[in-house]
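K.L.:
Can you read through this structure? Questions will come right after.
The values are calculated or read from the model by the stated rules, or taken from the named source; none is laboratory data. Note that the structure is a prediction, hence the values are computed from the model and not measured. A quick note on method: Cβ atoms are made from the backbone with ideal geometry, for glycine too, and the neighbour counts reach across all protein chains shown. Accessible surface is based on the protein model in full, side chains and every heavy atom, while ligands, DNA and RNA are left aside. Shrake-Rupley method; radii C 1.70, N 1.55, O 1.52, S 1.80 Å.
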Amino acid sequence: MKTLVLGGYGNFGARICRALAADSNIELQVAGRDRGQAHRLADSLGGRAMAVSIDCNASDFGQTLSALGVGLVIHVAGPFQQQSYAVALAAARAGAHYIDLADGRRFVCDFPQALHDTFRQAGRAGISGASTVPALSSAVVDHLCPDWRAIDAVDICIAPAQTAPRGKATLEAVLSYCGEPIRVWRGGQWTQASGWASPERVEFKRLSPRIGALCDIPDLELFPGRYSVRDRVMFRAALEVTATQHAFALLAALRSRGLLMQPGRWAGALNRFAGVFDSLGTSLGGMVVRVEGLDNAGHPARRAWHIAADNDHGPEIPCMAAIVLARKLAASDAMASGAFTAAGMLSLREFEPEFAKWGMVTDLVDEAPAWSQATLPATAP
């Protein structure tokens, strides 16, 4: 299958290209606007890829996909928060499958309704959110409580290593909702809270405790209905250096008061400045997913899944779902046509070989149920 990775030489795209280059079922195309960068990565893969200079904003983008004979487009050229579905539409019309690593809430959650008929008529699969969220996060929740009678709470926190490679697009996405009101499911109803404000302490199995703050991601909208969650769904990010976490809280406060407009424009400068704190951090990052509710016997239960990624391998995790799905499509595994979010499309077992490849360690922990309510400030929507 001719597989074109759009943004293929970026922070995540290059990782996906390296993983797929050795697959005998895949003819890899490293794609982006910078021909030089695309060629350098393709050449480094030992002749197992070709470089493609392509602009997804060009009027003839769809025709170019058709001319190249592309069978699968993997869209990694974020941020997705302000993007349209033009790339996905072009892929479907060119007769190609489509996968993206989007974490933009509206982009992912609205994807099926906007594009299902287009992909179904093309006989192709379009998948949005093939990344840490909601692909991996849903696989973990499915694994933690498959036969529970009820789920009261889902709490997720990612904890990146300070020294791990950072991308401007990722930071730009984060800044897009810093200080903005975010709709969250809490107390069994929809309320609002401010992005990156009011950080709280989060415990990890193999990492030191950190303080995590609310992020706006698809899970906040998808999980309450998918799992019939009775109380809350929360997603936080916990930076390793406390000073940087407080800096984001300050930015959130300034923006919520109208004192900081369009913080995304500072993404490049802040990305470079973040390196100043690298000496205060480590190469160890991770993630925790906690669920609380009633087990299959109706008893109160709380379970947590942890992953620890050392040696700055944490950025491999957001790439894993797209890699696994691409391999399945290239191997002609049956997949329904239409447009879908990646929630529930993979099992945790399918991620495990990728974890092992990078020496990542996972832990499943049964914890004492804690019925106290979260302290995140909330107001009526």
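K.L.:
For the list (1) within 19 Å of Gly32 (Cβ to Cβ); (2) out of contact with any Cys (no Cβ under 7 Å at 6 or more places or on another chain); (3) of a type in the set (Gly, Ala, Ser), I need the number of the one condition that Ala77 fails.
P.N.:
The one condition Ala77 does not meet is (2).
K.L.:
A follow-up question, please. What pairs can you find where one residue is in segment 52-75 and closer than 12 Å to Ala31 by Cβ and free of Cβ contacts under 8 Å to residues at least 60 places away in the same chain, the other is open to solvent by 40 Å² or more (accessible area, probe 1.4 Å) and assigned to a loop (DSSP other than H, G, I, E, B), and their Cβ atoms are less than 6 Å apart, with a gap of 6+ or different chains?
P.N.:
Asp55/Arg33
K.L.:
Among Leu239, Leu207, which is farther than 24 Å from Pro79 by Cα, touching a residue at least 12 places away in the same chain (Cβ under 8 Å) and open to solvent by 10 Å² or more (accessible area, probe 1.4 Å)? Talk me through it step by step, then tell me what you get.
P.N.:
Working: Leu239 fails: farther than 24 Å from Pro79 by Cα.
It is Leu207.
K.L.:
Turning to a different aspect of this structure: With the structure loaded, tell me whether Gly268 is at positive phi and either open to solvent by less than 20 Å² (accessible area, probe 1.4 Å) or at pLDDT 95 or above (or both) or whether it fails that test.
P.N.:
no
K.L.:
Restricting the search to segment 65-116, which residues are assigned to a helix (DSSP H, G or I), open to solvent by 40 Å² or more (accessible area, probe 1.4 Å) and either of a type in the set (S, T, N, Q) or within 14 Å of Gly126 (Cα to Cα) (or both)?
P.N.:
Ser66, Ala86, Leu89, Arg93, Gln113, Ala114, His116
K.L.:
Still on this structure, I have one more. Considering only residues that are among the small types (Gly, Ala, Ser), in contact with a helix residue (DSSP H, G or I) (Cβ under 7 Å, 6 or more places away or on another chain) and assigned to a strand (DSSP E or B), which ones fall in segment 160-207?
P.N.:
Of everything in segment 160-207, just one residue is among the small types (Gly, Ala, Ser), in contact with a helix residue (DSSP H, G or I) (Cβ under 7 Å, 6 or more places away or on another chain) and assigned to a strand (DSSP E or B), namely Ser194.
K.L.:
Shifting gears a bit: From the residues in segment 213-233 that are in contact with a helix residue (DSSP H, G or I) (Cβ under 8 Å, 6 or more places away or on another chain) and outside any loop (DSSP other than H, G, I, E, B), which one is surrounded by the fewest Cβ atoms within 10 Å (Cβ to Cβ)?
P.N.:
Arg226
K.L.:
Sticking with this one: Looking at segment 8-17, can you tell me whether even one residue there is open to solvent by less than 50 Å² (accessible area, probe 1.4 Å), within 23 Å of Thr132 (Cβ to Cβ), assigned to a loop (DSSP other than H, G, I, E, B) and touching a strand residue (DSSP E or B) at 6+ places or on another chain (Cβ under 6 Å)?
P.N.:
Yes, because at least one residue in segment 8-17 is open to solvent by less than 50 Å² (accessible area, probe 1.4 Å), within 23 Å of Thr132 (Cβ to Cβ), assigned to a loop (DSSP other than H, G, I, E, B) and touching a strand residue (DSSP E or B) at 6+ places or on another chain (Cβ under 6 Å).
The rows are residues; the columns are (1) at pLDDT below 85; (2) more than 22 Å from the chain's Cα centre (by Cα).
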| site | (1), (2) |
| --- | --- |
| Val324 | no, no |
| Ala331 | no, yes |
| Met345 | no, no |
| Glu350 | no, no |
| Trp358 | no, no |
| Val361 | no, no |
| Leu364 | no, no |
| Glu367 | no, yes |
| Pro377 | yes, yes |
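K.L.:
Out of all the residues in segment 271-288, is one or more at pLDDT 95 or above, within 30 Å of Pro112 (Cβ to Cβ) and not charged (D, E, K, R)?
P.N.:
yes
K.L.:
Mind telling me which of the residues Val108, Val141, Val87, Val133 ends up being over 30 Å from Val365 (Cβ atoms) and in contact (Cβ under 8 Å) with a residue 12 or more places away in the chain?
P.N.:
Val87
For every residue, the table says whether it meets (1) among the charged types (D, E, K, R); (2) farther than 20 Å from Arg120 by Cα.
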position	(1), (2)
Ala334	no, no
Phe340	no, no
Gly344	no, no
Ser347	no, yes
Glu350	yes, yes
Ala356	no, yes
Gly359	no, yes
Val365	no, yes
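K.L.:
I'd like the residue in segment 21-47 that is among the hydrophobic types (A, V, I, L, M, F, W, C) and farther than 14 Å from His75 by Cβ and, out of all such residues, is most open to solvent (accessible area, probe 1.4 Å).
P.N.:
Ala22
K.L.:
Only residues in segment 357-370 that are loosely packed, with under 12 Cβ neighbours inside 10 Å count as the first member; pair them with residues that are not hydrophobic (A, V, I, L, M, F, W, C), Cβ under 6 angstrom, at least 6 apart or cross-chain, and list the lot.
P.N.:
Asp366/Arg303
K.L.:
When Ser137 is evaluated against the numbered criteria (1) under 13 Å from the mean Cα position of the chain (by Cα); (2) open to solvent by 20 Å² or more (accessible area, probe 1.4 Å), which criterion, by number, is the only one it fails?
P.N.:
The single condition Ser137 does not satisfy is (2).
K.L.:
A follow-up question, please. Identify the single condition in (1) open to solvent by 20 Å² or more (accessible area, probe 1.4 Å); (2) over 23 Å from Gly13 (Cα atoms); (3) in contact (Cβ under 8 Å) with a residue 60 or more places away in the chain that Ala334 does not satisfy, given that it satisfies every other one.
P.N.:
Just one mismatch for Ala334, condition (3).
K.L.:
Could you please find all residues in segment 125-134 being crowded, with 24+ Cβ neighbours inside 10 Å and either of a type in the set (D, E, K, R) or not in a helix (DSSP H, G or I) (or both)?
P.N.:
Gly126, Ile127, Ser128, Gly129, Ala130, Ser131
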